[in-house]
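This report refers to the structure that appears directly beneath it.
The numbers here are math on the coordinates, done by the rules we state, and not lab data. What you see is a predicted model; the values in this text were computed from it and never measured. FYI the Cβ positions are ideal-geometry reconstructions off the backbone, even for glycines, and counts take in every protein chain you see.
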Amino acid sequence: MRIAIVIPGGLGVKHAPVTIPFLYDLIERLSQFHEIRVYSLARVDEHKSRLRIGNFQVYALSASPTAPLPGRFYRLLRMVSSHHRRHSFHLLHGFWGFPAGFATVLLGTLLSLPAVVTLMGGETAAIPAINYGNLLHPRLRRFTRWTCRRADRLCTLTRFQHEALSQLGITGDETTVIPIGANATLFKPAPKTLKPPYRFLHVGNLTEVKDQITLLKAFCQISQQTEAELRIIGPDYLDGQLQQLAGELEIADRVSFLGKLEHGQLPHHYRWAHFLLHTSLHEGQGVVIAEAAASGVVVSGTRVGLIADLGGKYFATAAVGDANTLAQQVLRLIHHPDQYFALQKNALNWAISHDIDWTAEQYHRLYQQLKNGK
C-alpha cells in the first residue's frame, strides 16, 4: 500500500536532535510493509526540504515551525495532490490531532481517501492552572473536535486518552487504542538487586505538565527514610526552578540533573535504576513508561496515560499531585521485595508483548482493514 503520513515535525535522520525516536522507529517499521511518504509541517533538516531516510521519503513544507499554518496547509495540499495524481495513495495517516491530524482529514475529504488520525498528547487535556491542553482553547477545541469526528479511524495511545474523548462529545465507537511500544533492540532488562542506595530515574522535559515539583517532594520523603539517589534526564524549560527547589528541600546532594541526552544513552541509565518516578499531570501515554518496563525498571507514578491504564498490577500508582502516597508506595516496595519483583515481572511481560514491532503490526492491520472497506 502507498501511504501518506502527515506530522507536525520531529522526524529527521535517526540520531538528529529534532528526531523523536519512537516516531522514527514506528515509521521505519511501517515502511517495511508499505510504501511511505512523510510530509512534515516543519523542516526536518537545516539545509534540505526533502530527505531520504531508509525506505521512506520525508518532505518538509516549511523552514520554520512558526510559519503561518494556512500557507503550510496549502503547500501540503498541492504536494500531496500532485504525488497522488502521479501514483495514487491508498490512505492518509496524521499524527497529533492538530495541526497534522486536522490537515490529514482535510486532505482525505478533498482527495476521497481514508484518513487515520492518532492523538498523541494534549488533544484531550484541559489543565487551567498551567494553561495546558487543546480543550482549554475554543478554537483548538473546535479544530480537534472536527478532526476527531471526521477521521475515518481515530487512534489513541491509551484508554485513559480514549475516555477523555467524551469531553469532545466523541463516543469512541470508531476509536482504536494502540500504545507505542519500546524498541526491544535498545531497551532490555538487566539483573537488579534491590538494596541501598536505591536508585531513582526520571526521564522527561522539565516542564509544568510533567510536574517535577511533585517528583522532588516524593523523592525528598523517600530519601529521608532510606539511602537513595535520583537522576533527572531532560532539557530544562523551567529556568532552574527545580534545581532551586532541590536545594530548598535539602536534597541537592542526592539529585543529579543530567540535561538532555541522546536516546541511545538512555539504556545505560535504565540499567542503573531501580525505580522510574513519573509524576505528570497529563500524558497521552508516556513512552518512557514502556521503555522503563522493557528495561526491568519498576515504575512509580501518577495515574495518567499508560499508568492509569495498567494500574496497580503493573506499577505503583498515586493520584496526580499526591507526593505523599507516591513516596509511601515506593517505601512499601522497598520493604517488600517480593512485591517489587512481581511488579517488575508483570510490567516486563507487558512491554515484551507490546513492543514497537507490535505497534507497527497493529497499524499494518488497521491499514489493511481500511483498504478493504472495514
If you wrap a convex hull around the alpha carbons of region 198-353, what volume per residue comes out, as a whole number of Å³? 96 Å³
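Taking the Cβ of TRP358 as the centre, find all other residues whose Cβ is under 15 Å away and add up their charges (Lys, Arg: +1; Asp, Glu: -1).
Numbers: positive: ARG29, ARG365; negative: ASP25, GLU28, GLU291, ASP355, ASP357, GLU361.
Taking every Cβ under 15 Å from that of TRP358, the sum is -4.
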DSSP H helices in the chain with Cα extent of 30 Å or more along the helix axis and mean Kyte-Doolittle hydropathy at least -1.0? none
Contour minus end-to-end for GLN339 and THR226, with contour as 0.36 nm per residue of separation and end-to-end as the Cα-Cα distance? 38.9 nm
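Could you tell me which of the pairs LYS210/LYS313; LYS210/LYS345; LYS188/LYS260; LYS313/LYS371 are separated by over 32 angstrom between their Cα atoms in the structure shown? Don't skip to the end; give the middle numbers.
Working: LYS210/LYS313 23 Å; LYS210/LYS345 26 Å; LYS188/LYS260 21 Å; LYS313/LYS371 37 Å.
Violating the 32 Å Cα-Cα cut-off are LYS313/LYS371.
Counting each DSSP H run of 4 or more residues in the chain as -39500 (n - 2.57), what helix-only mean residue ellipticity at 222 nm follows after dividing by all residues, to the nearest 500 deg cm²/dmol?
-12000 deg cm²/dmol
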Once both label points are put 7 Å beyond Cα along the C-beta direction, the LYS195-GLU262 separation in nm becomes 3.4 nm
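If you place +1 on the Cβ of every Lys and Arg, -1 on the Cβ of every Asp and Glu, and leave all else neutral, what size is the dipole of the chain about its Cα centre, to the nearest 20 Debye? Mind showing how you got there, number by number?
Working: 38 positive and 28 negative charges, 302 e Å.
In total the dipole reaches around 1440 debye.
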With the radius of gyration and the Kirkwood radius both derived from the Cα set of the chain, what is their ratio Rg to Rh? 0.98
